[in-house]
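Q: Starting off with a structure, shown below.
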There are 2 protein chains.
Amino acid sequence: MRLSRYFLPILKETPKEAEIVSHRLMLRAGMIRQQAAGIYSFLPFGKRVLDRVCRIVREEQDRSGAIELLMPTIQPADLWRESGRYDDYGKEMLRIEDRHERDLLFGPTNEEMVTDIFRSYVRSYKDLPLNLYHIQWKFRDEVRPRFGVMRSREFLMKDAYSFDIDFERAKTAYDRMFVSYLRTFQRCGLKAIPMRADTGPIGGDLSHEFIILASTGESEVFCHRDYLDLHVPGEDVDFDDAAGLAEIVKSWTTPYAATDEMHDTAAWDGLPDDQKIAARGIEVGHIFHFGTKYSEPMKAVVTGPDGKDVPVHMGSYGIGPSRLLAAIIEASHDENGIIWPKSVAPFDVGLINMKPGDAACDAACDDLYRQLQAADLDVLYDDQDTRAGVKFASMDLIGLPLQVIVGPRGAKAGEAEVKVRATGKRDTLPLTAVVGRVLA
Amino acid sequence: MRLSRYFLPILKETPKEAEIVSHRLMLRAGMIRQQAAGIYSFLPFGKRVLDRVCRIVREEQDRSGAIELLMPTIQPADLWRESGRYDDYGKEMLRIEDRHERDLLFGPTNEEMVTDIFRSYVRSYKDLPLNLYHIQWKFRDEVRPRFGVMRSREFLMKDAYSFDIDFERAKTAYDRMFVSYLRTFQRCGLKAIPMRADTGPIGGDLSHEFIILASTGESEVFCHRDYLDLHVPGEDVDFDDAAGLAEIVKSWTTPYAATDEMHDTAAWDGLPDDQKIAARGIEVGHIFHFGTKYSEPMKAVVTGPDGKDVPVHMGSYGIGPSRLLAAIIEASHDENGIIWPKSVAPFDVGLINMKPGDAACDAACDDLYRQLQAADLDVLYDDQDTRAGVKFASMDLIGLPLQVIVGPRGAKAGEAEVKVRATGKRDTLPLTAVVGRVLA
């Protein structure tokens, strides 16, 4: 993409309203724009990162055997009256009346609707296990939305829902998502630590939050240092191996880890001081087992092997990709801007033409642009006639993993510089070696 | 994907509520489920087609130089008060009040919001032309939603918005989208005919609807037979060549074509009878040039080359991917079910194991499944223990372009049948030749 044809509105000033670094950087890098309190547009650069994150989330959901569908944003209130949550949910639920005075709502979550889908079609235990997920916009009318997309009112959520015949199998479904989440966050460049959690309005008795450590985190968290070195399962993890999954989950839930709400000071005090990490954390995922909480009132039953109808055991599993963007930036930035992990970078490489209009420089850059694209790389090509300082600062701010810099002298000498954003390290290379270096 | 692990709830009975064939087939093939009047879930099979259609739409928008962003579903009412449309829009607009009693609405379209984004960042004619698009859920509270996703209340829309310095350049932006739409619909397997159209609540003076001919169409249309043979531009069309684009648009707007509303009976009567097509049509896209209708009241101005501020000339361009699914089915089905054009088929091929449990049959099918996947094909593998009649009827109903059928006798003889869904033609082939045949 040529910058001259792109829409990347970089802000020079630091916006005053932004209290945390990710919010500041997302505004400055032209990723998002606030349209109303807690409601954001994702500008083209932000949309690209969102797509990269969603792709990882989707690949890992699919790998674990979950199946994607897409439920609507607007839901009928009657479904929520069936589960009993319509009145419970309070003012966070955005309630709507249509032209025929029917009660609707903008879905804050989808337990009711997916249970309704399940009961409409599934009759037998033979059709289980089943895990259905979607990636759809949700709305929660927070009293005080803040921190940009970290705590917005309209936000993107991947929510998965598992259905099983009994607790034991539901626990395996839970383990499957647990392991899938470990992989998802790692692929996004994050170190996420699962912590026992309160279940809140979703309900149930077994729940983990996945928390990343960040000084700007919303809550205090406590965990054992062992978490920093625990192994995240590889691509070859067998999601059909219930015992193997349980083993992994055990290893990830044995060392001490707790959010403020669930903190056990006695257990904590028993740990050696040099093994303790007390820090602030950001929740990036939340998984729940709640058994028959929805299937019983909503009569989502299947016929078991013995011919008897039983309500299905369910769990739900959420990741907010829009919030994840902010969390990734909180975890990966420096004083000059964002540092995208390669896996979620909106472009693989930035190509800087230091002197558009200079024939040698243009020719070298145009040629590199073609070569890099031919190597299947996403390239952002700064072909604009701006000052060197602006070019460097902008490219650092938006945080692409690699920069290829071509000036008129280098172009004449047949050379370019390759800069690694994370380390600042620069190498001068022959133009012919650039693509190989970028691909390395 | 193994059918035993998939969620494809096929209905045996024809649903009574469905008045048109696409609605009937989408319900029967387990593609959609109604959650409230005019509000649908896309079940996994439907979601896959929606993704395929969106990918084509996106590729053709990108090819034409439009840039993708993502605006939220919920909009502040104040923006619409600025343009004057808040009161005009009537009961089709879903109006919402949040917990702080601020007026919001679920966006039925995005002219106001995108104009707001534009005026916030763009100052100079040098940043033009610009075309921003997104693919996002919209809501229009129709009095009588019907025909499934053909006329639903919540629907997916790709809407693009162009910004230019004057009418001439805005006309080129219009031509660019016009040509992009011709390509988009052709790639979806549709023959779409552009017809002069009313502009309705969007406003403006230049507008075309893209209409496909279908006996179940919502409106009467009239066009010259020449349209059936007109050339659709190839991938190599140059979107920077204003004159070339104008030429293409001219060739596609010269023969007579009109919807009922714009019909000119005098011109029509002048055509030779054997050149006339009077039929019913389905609108699958709508493009508008409306100049400064929004930029003037909302003060979206840029500084021109002469240093003077001028309001930008705008157009908007819509395609409804969710509605397009239904239109594709209306245009491509037979008495047994859907016939997906290859380009949007949710799976490339269906593999039918006629006798799961039979060792030779299982071995042959499992091997073909691996081979087809290794050839980068999306395969739906019917590995379920059901009757032959059910298997054949289901596979025809869901309409994958090709079927590979393996029975116990064939497996022993080292053979499989390959069936083309569109023609019903079946060939018996050696198992070793199947992948080659499917790829051909």
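The values are calculated or read from the model by the stated rules, or taken from the named source; none is laboratory data. Predicted model only: the values in this text are computed from it and were never measured. Quick reminder, even Gly has a Cβ in these numbers, built from the backbone with ideal geometry, and neighbours come from all protein chains shown. Only protein heavy atoms, including side chains, enter the accessible area calculation; ligands, DNA and RNA are left aside. Shrake-Rupley method; radii C 1.70, N 1.55, O 1.52, S 1.80 Å.
Q: In segment A:49-72, what residues drop by 20 Å² or more of accessible area when the other protein chains are put back, versus the chain on its own? Use 1.4 Å, and skip ligands and nucleic acids.
A: Checking the loss per residue gives A:Ile67, A:Glu68, A:Leu69, A:Leu70, A:Pro72.
Q: Run lengths n ≥ 4 of DSSP H only: what is the helix-derived mean residue ellipticity at 222 nm for chain A, with -39500 (n - 2.57) per run over all residues, to the nearest 500?
A: On the way: 13 runs with 138 residues, N = 440.
My calculation for chain A gives -9500 deg cm²/dmol from helical runs alone.
Q: List the lysines whose Cα sits under 16 Å from the Cα of A:Lys412, skipping any in the same chain fewer than 8 residues away.
A: A:Lys355
Q: For segment B:321-387, what does the accessible surface come to per residue with a 1.4 Å probe? Please give it in Å².
A: 38
Q: Distances in nm, one decimal, shortest first, from A:Ala267 to the same residue in every other copy, taking the label point 7 angstrom along Cα→Cβ.
A: A:Ala267 label point versus its equivalents elsewhere: 7.7 nm.
Q: Among A:Trp80, B:Trp137, what's the order by accessible area (1.4 angstrom probe), most exposed first? It would help to have the intermediate numbers written out before the result.
A: Numbers: A:Trp80 0, B:Trp137 20 Å².
Largest accessible area first, the list is B:Trp137, A:Trp80.
Q: How are the alpha carbon pair distances in chain A distributed across 10 Å bins from zero to the largest one, expressed in percent?
A: 4, 19, 26, 23, 16, 8, 3, 0, 0
Q: What is the local net charge at B:Ser4, summed over the other residues whose Cβ is closer than 14 Å to its Cβ (Lys, Arg +1; Asp, Glu -1)?
A: -3
Q: Quick check: Cα centre of segment A:406-440 to Cα centre of segment B:395-440, how many Å?
A: Distance between centres, Cα-based: 52 Å.
Q: Ok, one more. Using a probe radius of 1.4 Å on heavy atoms only, what accessible surface per residue do you get for segment B:69-117? Whole Å² is fine.
A: That works out to 33 Å² for each residue.
Q: Under a 1.4 angstrom probe, counting protein chains only, how are B:Glu218, A:Glu330 ranked by accessible area, largest first?
A: My answer, sorted largest first, is B:Glu218, A:Glu330.
Q: So between B:Asp103 and B:Gln373, what do we pick up on full extension, going 0.36 nm a residue minus the alpha carbon distance?
A: 92.1 nm
Q: Working from the pairwise distances between different alpha carbons, so that the mean of 1/r is found and then inverted, what is segment B:1-145's Kirkwood radius in Å?
A: Roughly 18.5 Å, rounded to one decimal.
Q: Another question, then. How much accessible area does B:Phe147 have with a 1.4 Å probe, in Å² rounded to the nearest 10?
A: Its heavy atoms expose roughly 40 Å² to the probe.
Q: Between copies, how close do the A:Lys308 label points come, placed 7 Å along Cα→Cβ, listed in nm from shortest?
A: For A:Lys308, the other copies' label points sit at 8.6 nm, shortest first.
Q: Something else now. Which log10 I(q)/I(0) values, to two decimals, does segment A:77-177 give at q = 0.16, 0.18, 0.23 Å⁻¹ under the Debye formula with one point per Cα?
A: Normalising to I(0) and taking log10 leaves -0.86, -1.00, -1.24.
Q: For a test of the definition: using alpha carbon positions, the gyration tensor, and the 1.5 limit on a/c, classify segment A:290-440 as rounded, prolate or oblate.
A: prolate
Q: B:Asp348: accessible area at probe 1.4 Å, nearest 10 Å²?
A: 40
Q: Right, next: In Å, the Kirkwood hydrodynamic radius of segment B:222-302 over pairs of distinct alpha carbons?
A: 15.8
Q: Could you compute how much accessible area chains A and B hide from each other, both sides summed, with a 1.4 Å probe? Nearest 100 Å² is fine. Can you show the working numbers first?
A: Working: alone 19800 and 19800 Å², together 34770 Å².
Its buried surface, counting both partners, is about 4800 Å².
Q: A further question on this structure: On average, how much accessible surface per residue is there in segment A:191-270, in Å², for a 1.4 Å probe, leaving out ligands, DNA and RNA?
A: 49
Q: Give, rounded to the nearest 20 debye, the magnitude of the charge dipole that chain A has about its Cα centre when Lys and Arg contribute +1 at Cβ and Asp and Glu contribute -1 at Cβ.
A: Working: 56 positive and 69 negative charges, 330 e Å.
The calculated dipole for chain A is roughly 1580 debye.
Q: Ok, one more. Over the Cα atoms of segment B:320-362, what radius of gyration and what Dmax do you get, in Å?
A: 15.3, 47
Q: Can I ask one more? How large, in Å, is segment A:163-266 by the Kirkwood hydrodynamic radius built from its alpha-carbon pairs?
A: Hydrodynamic radius (Kirkwood, Cα pairs) of segment A:163-266 is 14.7 Å.
Q: With a 1.4 Å probe and all protein chains left in place, how much of the accessible area of the protein assembly as shown comes from carbon and sulfur atoms, in whole percent? Could the numbers behind the result be given before it?
A: Numbers: 16360 of 34770 Å².
The nonpolar share, carbon plus sulfur, comes to 47 percent.
Q: Right, something else. So what's the gap between the Cα centers of segment B:1-55 and segment B:341-382, to the nearest angstrom?
A: Cα centres, segment B:1-55 to segment B:341-382: 22 Å.
Q: Can you classify segment B:369-440 as rounded, prolate or oblate using the Cα gyration tensor, where a ≥ b ≥ c are the square roots of its eigenvalues, rounded means a/c under 1.5, and otherwise it's prolate if a/b beats b/c and oblate if not? The partial results should precede the final answer.
A: Details: a/c = 1.35, a/b = 1.15, b/c = 1.18.
It is rounded, given that a/c, with a ≥ b ≥ c, falls under 1.5.
Q: How many nanometers, to one decimal and shortest first, lie between the label point of B:Gly357 and those of its other copies, if labels sit 7 Å from Cα toward Cβ?
A: Nearest to farthest, the other copies are at 8.0 nm.
Q: Taking 41 Å as R0, compute the FRET efficiency from the Cβ-Cβ separation of A:Ala37 and A:Thr199 and round it to 0.05.
A: With R0 = 41 Å, the Cβ-Cβ based efficiency is 0.90.
Q: Roughly how many Å is it from the Cα centre of segment A:228-299 to that of segment A:58-131, as a whole number?
A: Their Cα centres are 26 Å away from one another.
Q: Continuing with this model, one more query. With a Förster radius of 60 Å, plug the Cβ-Cβ distance of A:Thr423 and A:Tyr89 into 1/(1 + (r/R0)^6) and report the FRET value to the nearest 0.05.
A: For A:Thr423 and A:Tyr89, the calculated efficiency is 0.80.
Q: Computed over the Cα atoms of the protein assembly as shown, what is the ratio Rg over Rh, Rh following Kirkwood?
A: Working: Rg = 28.2 Å, Rh = 29.3 Å.
Ratio of gyration radius to Kirkwood radius: 0.96.
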